[in-house]
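Bear in mind that the values in this text are calculations on the coordinates, not laboratory data. These numbers were taken from a predicted model, which means no experiment stands behind them. Cβ: placed from backbone, ideal geometry, glycine included. Neighbour counts: every protein chain shown.
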């Protein structure tokens, strides 16, 4: 992996439900932007999201977004509607004005963050969605499917990639393929819902998806 000079910065963004925080990794002359949200638990960045910051070596500007509930130090995520409101405000702030993110815009995240990105992809005019560990259903409850959220993406004509752990109790890669159909690109990775501590395969899958996006018109 080639090394490029990366400028790191943090931007606080006021949303209707509190202060969010965007961590930006900006390479010289970025070819596009990847904006990712975290899951519903924990106060630190997961290994897969940390790994994806190295997409800067391929020219991508990478942004990791902290939802207001986590910035405020709370342990429990707010309801989906509030997560979406905050995400929309963050994306509006990041994509507007002179310093707005360069296209293409790839939005996504892991688990709950992936769901937020799927529900709001059309509203933020995303060019693609990268979903890590999409929680297709609660463990042991396949009848409680959340496939409709991901289908909002493909139904809008937006490209969707799902990277799913082979033993994910929230839905296996095959479960996701069956639920979403051929319009979604589903890639199997090692591990369960949190992948592994060294998610090189997750990085490789994300890199391949991004390299195949092509020119956005």
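Structure values in brief
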read-out	value
56, 200, 154 arranged by Cβ crowding within 10 Å, fewest neighbours leading	200, 154, 56
Computed [θ] at 222 nm, helices only, for the chain once each DSSP H run of length n ≥ 4 contributes -39500 (n - 2.57)	-8500 deg cm²/dmol
Cβ-Cβ FRET estimate between residue 208 and residue 10, R0 fixed at 35 Å, reported to 0.05	0.75
Whether region 131-217 is rounded, prolate or oblate, judged on the alpha carbon gyration tensor where a/c under 1.5 counts as rounded	oblate
Mean Cα-pair separation over length for the chain, i.e. relative contact order, pairs under 8 Å, 6 or more apart, %	17
Residue-span extension gain [residue 43 to residue 141] - 0.36 nm each, minus C-alpha spacing	32.6 nm
Neighbour-count ranking [beta-carbon atoms within 10 angstrom, fewest first] of 38, 193	193, 38
Kirkwood Rh, angstrom, the chain [1 / mean 1/r, Cα pairs]	17.1
Percent antiparallel among DSSP beta bridges (both partners in region 7-211, rounded to 5)	35
Residue exposure sequence - 63, 202 - by fewest surrounding Cβ within 10 Å	63, 202
Isotropic mean projected area of the C-alpha convex hull, region 21-74 (nm²)	3.6
